[in-house]
1. Please get the size of the charge dipole for segment 248-347, origin at its Cα centre, with Cβ charges of +1 on Lys and Arg and -1 on Asp and Glu, quoted in debye to the nearest 20.
2. At 222 nm, what value in deg cm²/dmol follows for the chain if DSSP H runs of at least 4 each add -39500 (n - 2.57) and the sum is divided by all its residues, to the nearest 500?
3. Please compute the length gained on full extension between residue 72 and residue 103, using 0.36 nm multiplied by the number of residues separating them and subtracting their Cα-Cα distance.
4. When all protein chains stay in place, what accessible area (Å², nearest 10, 1.4 Å probe) is found for residue 344?
5. Shape call for segment 260-306 from the C-alpha gyration tensor, a ≥ b ≥ c root eigenvalues: rounded (a/c under 1.5), prolate (a/b greater than b/c) or oblate?
6. Can you tell me which of 189, 44, 275 moves the most in a GNM of the chain? Springs connect C-alpha atoms under 10 Å apart.
7. Per residue, how large is the accessible surface of the chain? Use a 1.4 angstrom probe and give square angstrom.
8. Under a 1.4 angstrom probe, counting protein chains only, how are 284, 314 ranked by accessible area, largest first?
Amino acid sequence: MSAQPPRSPARASGTDAAGMVAQVPATIVLGLGTLISHGFGLALVPAMLPRIADELNVGYGTLGGAVATGLVTYAIAAVSTGAILERVAPQVALLGSYAIAAAGLLIAAAANSVPILTLAVMILGFVAPISWSASLHVAGETTVVSARAAVMATASGGAALGVLINGILVQTSDSIHSWRVSFLVAAGLAVFPITIGLRVYRRHIARPEVSGAGFGAFRTAFRARAGRVIVYAGLTAGIAGFPFNVFLTATAIDELGLSALRAGTIWWLIGVLGLLAGPILGRYSDRTSPLRSLLVGAAMYAAGLVVLIGSWNYAGLLIAAVGYAFMNYPIWGLVGAIASDHFESGVAVRSISLGLVLASLGGAVGNFVVGRWIEATGSFRGPVVALTVMAGALAAWYVVVLRDGGLGDG
């Protein structure tokens with residue numbers, strides 16, 4: 001029997017002779033990275049608020065203000081992402097964002113006051129959009145076209161994996177360990193995407209040429225139909241998606257009278273389906289178009305909310321959660337695929353940045369308005385009607401665009 005030839009360094013690291021990265025290693029690095037930057041970075045502090053409030057002896061109003069600073073730094077970073085990615089090597093921006101997120105998680109673990117916790121939240125909020133924009137750029141430059149949307153959409157499911165792990169950490173922090181250990185565990189897991197990423201993304205990756213386009217790239221992106229899809233998808237995800245996420249548990253327990261266990265089951269369902277939604281809609285996108293996958297997600301969310309309004313019970317909340325998972329988690333991978341397909345790198349980065357800014361600011365406004373509504377009426381039902389209208393309007397617009405020829409330059 002003849003000896004097998006040794007694997008080339010490129011094949012051993014998951015790349016082909018042209019330097020393109022295979023689907024599996026790309027998904028592993030970017031998915032685990034999104035787990036760190038978004039699944040933990042944006043969600044672990046809110047998940048641990050009851051434990052933090054007890055130990056630091058502060059109220060939710062104070063902690064809520066601290067968490068809100070993350071949305072502010074998120075929006076600032078989203079605007080600055082293009083300039084940062086143009087000046088820093090893509091691999092450094094990508095893997096460095098994971099390291100900075102881990103540092104933010106470590107600061108949160110050591111926080112003994114609200115100002116220190118606020119510092120941690122600001123760091124985590126700032127690095128998240130940079131990390132995701134770097135992920136989309138690296139995937140767009142190094143992933144084979146036939147698998148690009150699948151990689152991007154699946155990678156965005158790393159945030160859904162965070163829902164699952166955060167649920168475990170919340171439960172175990174009540175008995176097995178303290179909330180601080182949860183942040184240490186989260187920070188430690190950053191070793192995996194950094195280590196694997198150093199091996200997978202070794203070859204040179206071109207930086208996006210953003211300064212040449214300038215801030216006029218925002219206008220250029222919005223003039224194109226593809227850019228408007230990215231903007232409207234991000235804005236609707238913020239206004240119509242964030243409030244559902246934020247007030248889901250409160251609605252389940254306070255308004256519908258469900259037990260904590262049944263409310264927790266909804267989050268487990270969202271986490272599992274969020275993980276599945278990425279590869280399902282990503283593969284569907286590669287076979288048809290990202291716009292059709294966005295339509296599926298928006299339509300499922302709107303339909304689920306209609307069922308919730310009509311039933312207003314546990315079953316309706318479960319069905320709405322299914323739609324939320326399919327709308328919320330793959331969306332940024334899908335719009336990233338649209339940006340990569342229809343724009344040069346500088347405009348693509350700007351278009352994603354604009355979508356992220358509108359999502360964060362829209363989410364902040366939506367959360368504020370919905371919170372005031374619930375405080376005044378004691379019910380989330382009225383806002384759900386508004387969320388349904390917005391999700392349904394977006395799905396209807398997608399249909400119009402598809403019938404009008406899809407994502408051309410119109």
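1. Using only the charged Cβ atoms, the result is roughly 240 debye.
2. My calculation for the chain gives -25000 deg cm²/dmol from helical runs alone.
3. Between residue 72 and residue 103, full extension yields an extra 9.2 nm.
4. 90 Å²
5. It is oblate, given that a/c is not under 1.5 and a/b is not larger than b/c.
6. Evaluated over the chain, the most mobile residue of the options is 189.
7. 41 Å²
8. Ranked from most to least accessible, the order is 284, 314.
The values are calculated or read from the model by the stated rules, or taken from the named source; none is laboratory data. All of these numbers come straight from a predicted model, not from anything done at the bench. Because the Cβ atoms are built from the backbone with ideal geometry, glycine has one as well, and the counts that use them run over all protein chains shown. Protein only, heavy atoms only, side chains kept; ligands, DNA and RNA dropped before computing areas. Shrake-Rupley method; radii C 1.70, N 1.55, O 1.52, S 1.80 Å.
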